[in-house]
Amino acid sequence: MKSRIPKTIGVIAHVGKPEARARLLELLAVLGESKLRVLLERQAAVLAGKPKLAQTLKDIRKTADLIVVLGGDGTILRVARELDGSGTPILGVNLGNLGFLTSVRADKLKAPIRAILRGEYDLSERHTLQTTLVRGTKRQVAPRALNEVVVSRGAFSRIVRLRLSIDEQLLTEYVCDGMILATATGSTAYSLSAGGPILVPTARALIITPICPHALSNRSVIAGENSVIRCRAARAAGELLLTIDGQVQLPMEMGDEVEVRQSPRTVQLVTPRGHSYFEVLREKLKWSGANV
């Protein structure tokens, strides 16, 4: 997608990070070099010592051309969910450890921020998942997921039996600890740790990955972009949970069905020119290219 020079910048910060205040002040100093309107979310405003300038994310998304998020992947997921398909581009400045969704290092933010303010950046469109919890005749729509939707047992529950279908055709019944339904973006998150494949962010697909399946032949399955996945709780002993991006939880009951499909709403992530997804993979996953 074509980039444009931003004139109004929203700023959000994860105040729990040790270096958050120093990096926030550094960012505001860089933004102050240009004739920009800067909108501070409440916590960022307090951290910067400007509480009277605080705004809600809902207000920021109405007018911001770009939102800068100081934090980690979790902060990006929260902001993307609350923007709910508004289309406002998000730039992540990494204050965390892993940082697959963030594209600027906190200790080297000045040059990339200045370039982005000149319009020198790219937009990476990321697909999201639309999830509905079906209980009898009732349908509860869950928040959209950028990474994944997870059906899992509670802390003290035993294994569960989940019946999976793709486009009304039975796939199989899994005896497992749970099920991950992930986007290409989420392929490097929970799904990867459960043995799922890595998909490039532009892949329009949905990954189905069982968590600790009892049958060793059970492996991840890749469904198409227009597929509708249904995951039914066929048997469970104890608590069941539906979790969106590791942050929003809905309780489930025996017989409930989770319906997942690709949402028409996307998330726009800002990347500096020259940013390489594969370089990030090599760095984060410690790929050296050497023979083992």
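L66 meets each of the listed conditions (1) among the aliphatic types (A, V, I, L, M); (2) modelled with pLDDT of 95 or more; (3) more than 20 Å from the chain's Cα centre (by Cα) apart from (3).
Only residues that are modelled with pLDDT of 90 or more and farther than 30 Å from V134 by Cβ were counted across the range 245-276, and they come to 6. One residue alone among A20, A45 is in contact with a Lys or Arg (Cβ under 8 Å, 6 or more places away or on another chain) and either in the same structural domain as L109 (by TED's automatic domain parsing) or in contact (Cβ under 8 Å) with a residue 40 or more places away in the chain (or both), and that residue is A45.
Flag set for V175, criterion: β-branched (V, I, T), at pLDDT below 95 and in a strand (DSSP E or B).
Cβ-Cβ contacts under 9 Å between residues 6 or more apart (or on different chains), taken from a first residue in the range 263-292 that is farther than 14 Å from I116 by Cα and β-branched (V, I, T) to a second residue that is modelled with pLDDT of 90 or more and assigned to a helix (DSSP H, G or I), are listed as V267/I76; V267/A80; V267/L83; V267/T185; V280/T188.
Can you confirm whether G99 is within 30 Å of V15 (Cβ to Cβ), not acidic (D, E) and not assigned by TED's automatic domain parsing to the domain that holds N226? Here the answer is yes, as G99 does meet what is asked. Among strands (runs of 3 or more DSSP E) entirely within the range 194-292, having at least 1 residues that are closer than 18 Å to S124 by Cβ singles out 205-211, 257-272. The test for being in a strand (DSSP E or B), among the acidic types (D, E) and closer than 20 Å to L269 by Cα holds for D122. Does the range 179-192 include one or more residues that are outside any loop (DSSP other than H, G, I, E, B) and either at positive phi or more than 17 Å from the chain's Cα centre (by Cα) (or both)? Looking for residues that are outside any loop (DSSP other than H, G, I, E, B) and either at positive phi or more than 17 Å from the chain's Cα centre (by Cα) (or both), one finds at least one in the range 179-192, hence yes. Annotation for the range 88-110: at least one member residue is exposed (fewer than 15 other Cβ atoms within 10 Å of the Cβ), modelled with pLDDT of 95 or more and more than 20 Å from the chain's Cα centre (by Cα).
Checking Q140, Q130 one by one, the residue that is exposed (fewer than 14 other Cβ atoms within 10 Å of the Cβ) and under 23 Å from the mean Cα position of the chain (by Cα) is Q140 and no other. Within the range 67-94, which residues are among the polar types (S, T, N, Q) and touching a residue at least 24 places away in the same chain (Cβ under 8 Å)? Result: T75, S86, T88. The set of residues in the range 212-261 that are aliphatic (A, V, I, L, M), free of Cβ contacts under 8 Å to residues at least 60 places away in the same chain and farther than 16 Å from T183 by Cα comprises A215, L216, M254.
The values are calculated or read from the model by the stated rules, or taken from the named source; none is laboratory data. Computed from a prediction, not measured in an experiment: that's the story for all the values here. Every residue, glycine as well, gets a Cβ built from its backbone with ideal geometry; the counts of neighbours run over all protein chains shown.
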